[in-house]
């Protein structure tokens, strides 16, 4: 017997890039739940956004926030508490580094020649975030509730961006390029979070699953900031995007690139590995 764990990006993957709808994937999400295959959301989204999305999608599984900054595991349910976690509002949390204030302080020390070509979430109003992302004002407020990093809207040239990124990275930041924003945060990524969660669940499995069963991970994503997660998983699905080329992911024999985009591509990718791996 084999246990399967699905870890998925959201925007442009499980959620449509333009409408944020997951409707085409809902029947498969229900099927996976009934088969005891956990679906873990792993995104640049905040904990506040994730909590709302999990309710909307009918999920009670672990979730990974802000590009791998922290893993949250529900304390109510069949999951046992892993080591190195703290209790945060009903969830067990493992964080990988300092919080948002650390990175905001660093951004405030940028030299003036590098400080005119970007705007962070902390500089935007809820209305501006809503306009730029297409989110409702309520959802934009959830997106603004950052805890671990700062999303940045780039306004300058590619050359200026390279200098800006280099300056921050020399001082300990890691810059991830998402579908809409640059994300300034610590030296973590979605791949590290996936690996930690896999090890934690293998060491402290669900009460409903035999302890000796191996755990196989399948990751799905569409963007550059998903590469580490896709390469850390046992099997990967690269979901085509309507706005950018597929990210380059190593390991062709275990990587499936979809024909469809968004949640239709998500379903296509899961169905592919279901057929190959018989789950």
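Read the figures in this text as sums done on the coordinates, not as results from a lab. Bear in mind the structure is a predicted one, so any value in this text is a computation, not a measurement. No Cβ is skipped: glycine too gets one built from the backbone with ideal geometry, and neighbour counts run over all protein chains shown.
Per residue, what volume in Å³ does the Cα convex hull of segment 100-185 take up? Write down the numbers at each step before the final one.
Values: hull volume 7.6 nm³, N = 86.
It is 88 Å³ per residue.
Order the peptides 222-235, 239-252 from the highest to the lowest mean number of other Cβ atoms within 10 Å of their residues. Please report the intermediate quantities before stating the final value.
Working: 222-235: 23.4, 239-252: 14.9.
My ranking of the peptides, most packed first, is 222-235, 239-252.
By its C-alpha gyration tensor, with a ≥ b ≥ c as the square roots of the eigenvalues, how is segment 150-279 shaped: rounded for a/c under 1.5, else prolate for a/b larger than b/c, else oblate?
Details: a/c = 2.88, a/b = 1.51, b/c = 1.91.
In terms of gyration-tensor shape, oblate.
From a point 7 Å beyond the Cα of residue 177 in the direction of its Cβ, which residues of segment 113-157 have a backbone N at a distance under 12 Å? From segment 113-157, the list is empty. To make sure I understand, if each residue's beta carbon is the centre and we count other beta carbons within 10 Å, what order do 162, 147 fall in, fewest to most? Listed from fewest to most nearby Cβ atoms, that is 162, 147. Relative to the dominant Cα principal axis of the chain, helix 190-203 is inclined by about 30°.
Using Cα-Cα distances under 8 Å and only pairs 6 or more residues apart, what relative contact order does the chain have, in percent? Normalised by residue count, the contact order of the chain is 23 percent.
Ordered by packing density, taken as the mean number of other Cβ atoms within 10 Å over each peptide's residues, highest first, how do 73-84, 44-55 rank? Walk me through the numbers before you get to the answer.
Details: 73-84: 14.2, 44-55: 20.2.
In decreasing order of mean packing, 73-84, 44-55 become 44-55, 73-84.
Model label sites at residue 115 and residue 35, defined 7 Å from Cα along the beta-carbon direction, differ in position by 5.4 nm.
Applying a 10 Å radius around every beta-carbon, put 7-19, 134-146 in order of their mean neighbour count, most first.
On the way: 7-19: 23.8, 134-146: 16.8.
The packing order, highest mean first, is 7-19, 134-146.
Can you give the helix-only mean residue ellipticity at 222 nm for the chain, where every DSSP H stretch with n ≥ 4 adds -39500 (n - 2.57) and the sum goes over all residues, rounded to the nearest 500 deg cm²/dmol? Spell out each step's value before the answer.
Values: 9 runs with 91 residues, N = 279.
The per-residue figure over the chain is -9500 deg cm²/dmol.
Size of segment 1-130: Rg and Dmax of its alpha carbons, in Å, are 17.6, 59. What do you get for the angle between helix 158-169 and the principal long axis of the chain? Use alpha-carbon atoms, 0 to 90 degrees, nearest ten. For helix 158-169, the angle is close to 70 degrees.
Cut-off is 10 Å between beta-carbons; in what order do 26, 1 appear when sorted fewest neighbours first?
Working: 26 15, 1 7.
Ordered by Cβ neighbours within 10 Å, fewest first: 1, 26.
Size check on segment 76-233: the Cα extents along the three principal axes, sorted descending, read 57, 34, 28 Å. Across segment 12-52, the residues whose backbone nitrogen lies under 15 Å from the label position 7 Å along the beta-carbon direction of residue 126 are 48-49. Relative to the longest principal axis of the Cα atoms of the chain, the long axis of helix 47-57 lies at roughly 40 degrees.
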